[in-house]
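Working notes for the structure below.
The values are calculated or read from the model by the stated rules, or taken from the named source; none is laboratory data. All values reported here derive from a predicted model rather than from experimental measurement. Virtual Cβ from ideal backbone geometry, glycine too; neighbours counted across all protein chains shown.
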Amino acid sequence: MRAGLAFGAVTGGSLVADGKTMDPTMSALVRFVRTLPPKQQDIKRLRTEYAALLELTGLRADPGVTAVPLKIPGLPMAREYAPRATGTPRGTLLYFHGGGFIMGSTAAREGVCRRLAAGTGLRVISAGYRLAPEHPFPAAHDDAAAALEWVQRRHAGSGPLLVAGDSAGANLAAALARDAGDSIDGQVLIYPVVDMLESAGRYPSLDTFAEGYLLTAEGMQACAAALLPPGADPDDARLSPIRADLTRAAPALIAVAGFDPLRDQGTAYAAALRAAGRRVELIEEDGLVHGFADFAGMVPAARRAVDRLVAGVKGMI
């Protein structure tokens, strides 16, 4: 597949939209996905296909990092990653995987979590959570809160504590960090969703990249429908932290992708945090798509973006 993407990058060139030019290899991958038949909406099949995709396109596991399973009460799964070479970890990063609240797992983010541990010297705890539609809101957010409480008890006084996640996992991290005060030292949000309300025109990227760039507006709507039970309020601060008081939010590192329907939510959240007097670093990966960390094993520009993110996290501690 790498050879095919490299050939497609040379022969097909770069996609261009909204004044931005996509990385050539990323463009080849997007063009290939556009040729595939529409996905079946069977949840079990989606989960299986997503896991298989990440086995193919994700980062390879870093052997310089130890990995051990954890038992956190109430959570379906958790794993701890720690760099072998640095001895005692410098602190802890609690990580939540993405997948639209309906799929994904700790295994799906092993490569990213290992890279974070190796590059920062932090202990990285990847916490699984219950998935919708079997477990609708607030199950995942409750599990995230339980994971944070467990980590705070287990590693109190052992260095800085950060929360992190990608996409839906970034929503969970932002919810924990929104009113954290001094209890959380930083939040790392990778292409986050931070507003679950329908707001026509508020985020232009939702329309510009509604289809044809891997994550689609239709897919996001399906995930929201699975997550939110009847009567759930999408304005809940856990779901839409951008609409809440952010004056006690933890310092933030936010990464957005140029060809992502959620791009403008990420940049708007950075602006909202700054307006609330909070410290924010925004990394804009203009040539990539939503979920670029999923493709860091195949797309060199995505791997470099993950490394910039790791460097940003190291700078927070």
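Structure above, values below:
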{"quantity": "Some residue of the range 160-170 being farther than 30 Å from ARG123 by Cβ, surrounded by fewer than 22 Cβ atoms within 10 Å (Cβ to Cβ) and out of contact with any Phe, Trp or Tyr (no Cβ under 6 Å at 6 or more places or on another chain)", "calculated": "no"}
{"quantity": "Criterion violated by ALA52 - all others in (1) exposed (fewer than 14 other Cβ atoms within 10 Å of the Cβ); (2) of a type in the set (A, V, I, L, M, F, W, C); (3) assigned to a loop (DSSP other than H, G, I, E, B) satisfied", "calculated": "(3)"}
{"quantity": "Single residue of the range 181-230 satisfying the filter (among the aromatic types (Phe, Trp, Tyr) and surrounded by 21 or more Cβ atoms within 10 Å (Cβ to Cβ)) that is farthest from ALA17 (Cα to Cα)", "calculated": "TYR191"}
{"quantity": "Pairs where the first residue, in the range 40-61, is among the small types (Gly, Ala, Ser) and the second is modelled with pLDDT of 90 or more and outside any helix (DSSP H, G or I), C-beta under 9 Å, 6+ apart", "calculated": "ALA51/MET103; ALA51/GLY104; ALA51/SER105; GLY58/ALA296; GLY58/GLY297; GLY58/MET298; ALA61/ALA67"}
{"quantity": "Within the range 148-180, considering residues that are in contact with a Lys or Arg (Cβ under 9 Å, 6 or more places away or on another chain) and assigned to a loop (DSSP other than H, G, I, E, B), the one nearest to ILE283 (Cα to Cα)", "calculated": "ARG178"}
{"quantity": "Residue within the range 57-66 that is touching a helix residue (DSSP H, G or I) at 6+ places or on another chain (Cβ under 8 Å), assigned to a helix (DSSP H, G or I) and of a type in the set (Val, Ile, Thr) present", "calculated": "yes"}
{"quantity": "The lone exception for GLY212 - which of (1) over 30 Å from ARG31 (Cβ atoms); (2) in contact with a helix residue (DSSP H, G or I) (Cβ under 8 Å, 6 or more places away or on another chain) it fails", "calculated": "(1)"}
{"quantity": "Residue in the range 123-146 that is without any contact (Cβ under 8 Å) to a residue 12 or more places away in the chain, assigned to a loop (DSSP other than H, G, I, E, B) and within 28 Å of THR216 (Cα to Cα) present", "calculated": "yes"}
{"quantity": "Residues that are under 19 Å from GLY19 (Cβ atoms), assigned to a helix (DSSP H, G or I) and among the β-branched types (Val, Ile, Thr), drawn from the range 235-285", "calculated": "THR267"}
{"quantity": "ARG84, sole failed condition from (1) of a type outside the set (A, V, I, L, M); (2) surrounded by fewer than 22 Cβ atoms within 10 Å (Cβ to Cβ); (3) under 18 Å from the mean Cα position of the chain (by Cα)", "calculated": "(3)"}
{"quantity": "Residue in the range 117-154 that is surrounded by the most Cβ atoms within 10 Å (Cβ to Cβ), counting only those that are under 16 Å from LEU54 (Cβ atoms) and within 14 Å of the chain's Cα centre (by Cα)", "calculated": "SER126"}
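Every residue, every condition in (1) more than 19 Å from ARG109 (Cβ to Cβ); (2) in contact with a helix residue (DSSP H, G or I) (Cβ under 6 Å, 6 or more places away or on another chain), yes or no:
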position	(1), (2)
ASP143	no, no
ARG154	yes, no
SER158	yes, no
ALA164	no, yes
SER167	no, no
ALA174	no, yes
ALA180	yes, no
SER183	yes, no
